[in-house]
Structure formats: C-alpha cells, structure tokens
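The structure appears below as structure tokens.
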Amino acid sequence: MSDSVYLDVLRSRVRDHAIAPPSRRVPMTSSTTSTATPPHHAFQHGLEEVKLSKTDLNAVIMDYLISEGYPSAAQKFAHEANIEPMLDVDSIQERVEIREAIDSGDIQSAIEKINELNPQVLDQDSALHFSLLRLQLIELIRKATATQDGDITPALTFATTHLAPRAPTNPEFLEDLERTMALLIFPPDNLAPPLAALLDPALRQEVAQRVNQALLLSQGERTRATLYDLVNHRSWAHQKAMQAKKEQLPERMELGFDPAQNGHESSQNGAPSSHQHNGQGDPMATGWGLY
C-alpha cells in the first residue's frame with residue numbers, strides 16, 4: 001500500500017475516533033421516522049457533522065507514524081500537511097530495523113542492535129530481556145525440529161547458558177522456560193494450543209511491540225500513540241452510553257480496523273499481514289492492531 005493511500009486511510013480513522021462521547025452527538029429523531037433499518041444509524045450521521053481541528057488531526061497522525069516507526073510516511077505526511085515536527089529519522093529507522101529483525105526471527109541481531117542503541121534498556125528490564133532470549137531459543141528449536149534428523153544441541157546449549165541461570169529468579173521465567181523446552185518433546189505438527197502459540201509469528205510481533213515501547217520510554221517519548229487512547233476512549237464512552245440507555249445508539253460500533261473492510265490484502269495463508277512494505281522502506285501496518 002502506498003504512502004498516500006495509507007495516509008488517507010489513517011486520516012479517516014483518526015477523524016472517526018477523535019470525537020466527543022456519543023451522548024453528545026446523537027441528533028433528535030422524529031416520531032414519523034420510518035421503522036425500516038436506515039443505511040446509516042442516526043449516530044453515524046451525527047459523527048459526519050462533527051468538525052475537527054485540522055491541526056489536532058495532523059498531530060495525532062504524526063504521533064502515530066513516529067511512535068509506530070514509519071519514517072518515510074512521516075516525512076511525506078509532514079510535507080503534505082506543511083508541518084515541521086521534531087522528526088529524528090535516524091532514531092525511528094533504528095527502531096524499525098530492530099522490529100524487522102524480531103519479526104523475521106533474527107533475535108540475536110535485534111539484541112545486538114538494542115544494546116548498540118542503549119544497553120540499559122535490557123539491563124533494566126529483565127522480563128523483556130528474558131522474553132527476547134526465549135524467543136531466540138524458540139527459533140533454535142524451530143530450526144532443529146524442522147527435519148527429523150535436526151540437531152537439538154544448539155538449542156539445549158543456549159537454554160543452559162542463557163535462560164537456565166535466569167529462570168530461578170522469577171517463577172514466570174521458570175514456567176516459560178519449561179513450556180518452551182516442551183517443544184523439543186512433541187512433534188511440531190501436533191502441538192497443544194499453548195505450545196503452538198509459541199511458534200506463532202504473533203509472539204514475535206508481541207515482543208517487538210514491547211521492545212519498541214521500551215526504546216521509546218528510554219528516549220523520553222510516549223510509549224504508545226495517542227490514537228490507541230482515542231480508540232479506547234471511544235469504546236469506553238459507547239459502553240457507558242449503552243449502559244445508561246439515555247440515547248438511541250447502535251449496539252455495535254465498527255472501529256474501522258478490519259482489514260477486509262479497509263480493502264487491505266491478506267497474506268498467503270489468508271490471515272491479514274501485520275506489516276506491508278510500501279516500497280520506500282516503511283513496513284505499513286495493515287492489520288490495524290489497535291487495542
């Protein structure tokens with residue numbers, strides 16, 4: 001997806017969520033209104049009438065692009081919106097490279113890049129460091145179990161050297177290590193759901209997100225984009241309004257992050273891909289994994 005298309009979608013989504021609570025936006029309806037289901041709920045018409053500050057809208061979009069690590073898109077948007085943000089492209093690109101290394105399973109490279117950028121990040125966050133090391137162990141096990149005669153020695157050596165000494169310091173570390181080592185016992189094509197989840201690419205993405213937040217925190221930045229808070233606020237306001245039953249509201253409000261609805265392509269296995277390159281170096285988010 002090109003930068004221009006991506007930015008247009010992002011502008012639309014930010015506008016949809018940067019609104020006041022629903023209770024203030026529902027217009028009165030006449031008693032003569034047809035009982036047939038309208039194409040758009042009355043609440044949706046209220047949303048369309050909301051006028052937002054372009055400056056605030058641009059700020060939310062730029063904050064998202066910087067926080068999530070899209071330097072090329074951020075530069076293009078700054079040019080289109082005629083704004084001059086405090087944009088450290090090198091810093092963003094470093095976080096992008098670390099995320100891409102984790103997403104591709106090259107955990108050793110990611111750890112080295114993190115330590116080059118700021119060694120205190122992992123020194124001060126033992127849980128994050130352990131998660132990265134466990135992810136590295138999982139990749140070694142994945143490689144060893146890919147064939148029937150795979151060598152499990154590198155995985156055993158790595159677990160003994162890097163994870164076993166840390167496991168006794170935290171009950172969760174010990175439990176995670178034991179679960180991970182169970183991957184060596186059962187065939188990869190017949191794993192229980194808790195074990196299969198360890199081999200799911202979603203675990204890489206989860207750890208990559210935690211690393212990104214830790215790096216932002218170390219740089220004195222917000223650990224997540226304002227857009228996430230807007231989505232949560234909209235969901236909370238809608239829930240409260242529904243509980244109060246003071247206004248006529250749709251039972252379910254689409255957040256607009258369904259890849260199918262947004263016209264995003266899926267990966268070959270039918271699931272939405274987490275990132276899609278735009279041809280200029282940015283991994284564009286297509287799954288809209290906001291929470």
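The values are calculated or read from the model by the stated rules, or taken from the named source; none is laboratory data. Source: prediction; values computed, not measured. Virtual Cβ from ideal backbone geometry, glycine too; neighbours counted across all protein chains shown. What goes into the accessible areas is simple: the full protein's heavy atoms, side chains included, and nothing from ligands, DNA or RNA. Shrake-Rupley method; radii C 1.70, N 1.55, O 1.52, S 1.80 Å.
Values computed for the structure shown
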quantity	calculated
Over 31 Å between alpha carbons, listed pairs Lys113/Lys143; Lys54/Lys113; Lys76/Lys113	Lys54/Lys113
Distance between region 184-211 and region 91-108 - C-alpha centres, whole angstrom	19 Å
Contour minus Cα-Cα distance for Ser235 and Glu112 (0.36 nm per residue)	40.4 nm
Extended-chain gain in nm, criterion 0.36 nm per residue less alpha-carbon gap, Asp189 and Leu174	2.9 nm
Estimated inter-spin distance, Gln93 and Ser218, nm [label 7 Å along Cα→Cβ]	1.9 nm
Dimensionless Rg over Rh [region 154-198; C-alpha; Kirkwood]	1.00
Region 81-128 shape via C-alpha gyration tensor axes, a/c threshold 1.5	prolate
Heavy-atom accessible surface of region 176-226: percent carbon and sulfur, 1.4 Å	55 percent
Full-extension gain in nm, Thr55 to Met181, via 0.36 nm per residue minus C-alpha separation	40.2 nm
Isotropically averaged projected area of region 104-220, using the convex hull of Cα atoms (one quarter of hull area), nm²	7.3 nm²
Hydrodynamic radius by Kirkwood, which averages 1/r over all alpha carbon pairs of region 154-248, in angstrom	17.3 Å
